[in-house]
1. Which ones in region A:47-56 are surrounded by fewer than 20 Cβ atoms within 10 Å (Cβ to Cβ) and within 12 Å of chain B (Cβ to nearest Cβ)?
2. Looking at B:G268, is it surrounded by 19 or more Cβ atoms within 10 Å (Cβ to Cβ) and within 30 Å of B:N35 (Cβ to Cβ)?
3. Only one of these is in contact with a Ser or Thr (Cβ under 6 Å, 6 or more places away or on another chain) and within 14 Å of another protein chain (Cβ to nearest Cβ): A:G98, A:G75, A:G65, A:G94. Name it.
4. Which residues, counting only those in region B:23-43, are in contact with a Lys or Arg (Cβ under 9 Å, 6 or more places away or on another chain) and surrounded by fewer than 16 Cβ atoms within 10 Å (Cβ to Cβ)?
5. Need a quick list: helices (runs of 4 or more DSSP H) entirely within region B:58-136 having at least 1 residues that are at the interface with chain A (Cβ under 8 Å from one of its Cβ atoms) and within 27 Å of B:R162 (Cβ to Cβ).
6. Take the residues in region A:187-205 that are closer than 23 Å to A:E114 by Cα and among the hydrophobic types (A, V, I, L, M, F, W, C); name whichever of them is modelled with the highest pLDDT.
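The values are calculated or read from the model by the stated rules, or taken from the named source; none is laboratory data. Given the structure is predicted, the values throughout are model-derived calculations rather than measurements. Reconstructed Cβ throughout: ideal geometry from the backbone, glycine too, with neighbour counts over all protein chains shown.
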Amino acid sequence: MTGLLIKDWMLLKRQGRYFMIVLALACILSFMGSESFSSFVTSYLTFMISMFNFSLFSYDEFDNGMAFLMTLPSGRSDYVKARYTFSILLTSCGWLVGTLLRMGLYLVRFSVAEYIEILPSEPMYLLICLIYMGLAFPALIKYGAEKGRNIAFTVLAIFAIGIFMIAKAGFEIPFLKWIDRLAETNPFILLPPLAAVSVLIMTVSYALSVRIIAKKEF
Amino acid sequence: MLIRLEHVEKQYSGFHLDCSMEVPEGCVTALIGPNGAGKSTTFKVILGLVFPDSGRIELFGKPIEQITEEDREQLGIVLSDSCFSRYLNIEDLVSVLSHMYRHFDGKDFLERCQHFGLPMGKPLKDFSSGMIAKLKVLIAMSHESKLLILDEPTAGLDVLAREEILDMLREYMIPGDRSILISSHISSDLEGLCDDVWLIDSGKIVMHEETDALLGEYGLLKVTEEQYEALDKSHILRKKKESFGYSLLTDQKQFYQENAPELAMEKGSIDETITMMIRGEKI
């Protein structure tokens, strides 16, 4: 598995310029831009860096490369293990950089009190990205990078549009209202269930991906 | 036997593979046949990239389902249309391969890459097709593998690049305990390299012969219709109608040279044997 992790790391290094641009943009807009951008620098960085995990599938598939990877000693399940490990580590790193940047930003431009107010929202971004990857990865492995990504984005878009339409139509979703009330009472209270959901989704997703790749022909 | 296939069947729309063949230790074995004959499917079945509908596949004397990571390290593989990601460069590959194979010799690999003029820092997507072909073979040979499985390793290359790759393969075989299974469209490559040849057509093995026998004992008789009628056809494998009469493929060249010395006889070659075995009519 180490060889596959190194392969992903090498591919990541090839995209160093992309990460530099993402980070530079985050720094510039955070310290010079509006307050509204400063408030979502963590989510921006976590999301942009987690997107690279989707690109890794494309890099592996380029020129039918998956067939060759599947002939290597590490085998099929190790490929999935390496992909999930690398994705979790990379997304966590993106989130950590975003969190530190946002912390520094609030200490320099705003106040510690304001940062403490938004602190509970920080881990949410990481957990939401992990949930999304957990939902999308089996589709990417089954249908390939291009088709799988389209399926994952479509499902997400339908879900978001659905919520938006319901909210716009004036319907109240009791579950969401209950979550809102909980979050207002104690912002930290949502973190443990969200963490449990992300761990559960990632675990089921991993098991599903191992099953999919074991049956896939290249 | 390093590889044994027993009635391995795979059904696709419009194509049915039913293949039985063997690759012995210490030999270079060729799998040849026209486009779409089933060569790549056979390779993919051996490598576990596609799953057979029925039949038995053994690798290193074990059923393919029982192959371990250590066994896989003994394989060096070239696929005709696939390699490492083209975004990586040779230096990256050294890091990857050294963590993938316990016996990977990075120093030797880099020296060979330099010897063949492969650029170290360039991503593979900027390599020419000749460079990629050489790199694929070098990767396959870089980790003391016991068996090379090479699907069209010389496809699309000029004669010099092909000869360099064939020299690399001959050098690989020097220790004596290694084997190669190779497919190629270029018969001259195989004639100077292979110990035995399996011919596949429409998913079925139609011939297996040692290369020396194929080149030494096979011959192509060119006969008129009258000569054909009078001929003893007991050693004729295939016939093909020609403007002058018939071309006849025999695996007993000497028999006809002794008993019908007046007939025109051409030396057997892999190309002619393939053409006659596939296009010719069975007698």
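1. Listed by number, the list holds a single entry, A:S55.
2. Judged against the criteria, B:G268 is a match.
3. A:G65
4. B:E25, B:G26, listed by residue number.
5. B:90-100
6. So in region A:187-205, the residues closer than 23 Å to A:E114 by Cα come out as A:187-192.
Still in the list and also among the hydrophobic types (A, V, I, L, M, F, W, C): A:188-191.
Numbers: A:F188: 75, A:I189: 79, A:L190: 80, A:L191: 84.
Ranking the candidates gives A:L191 first.
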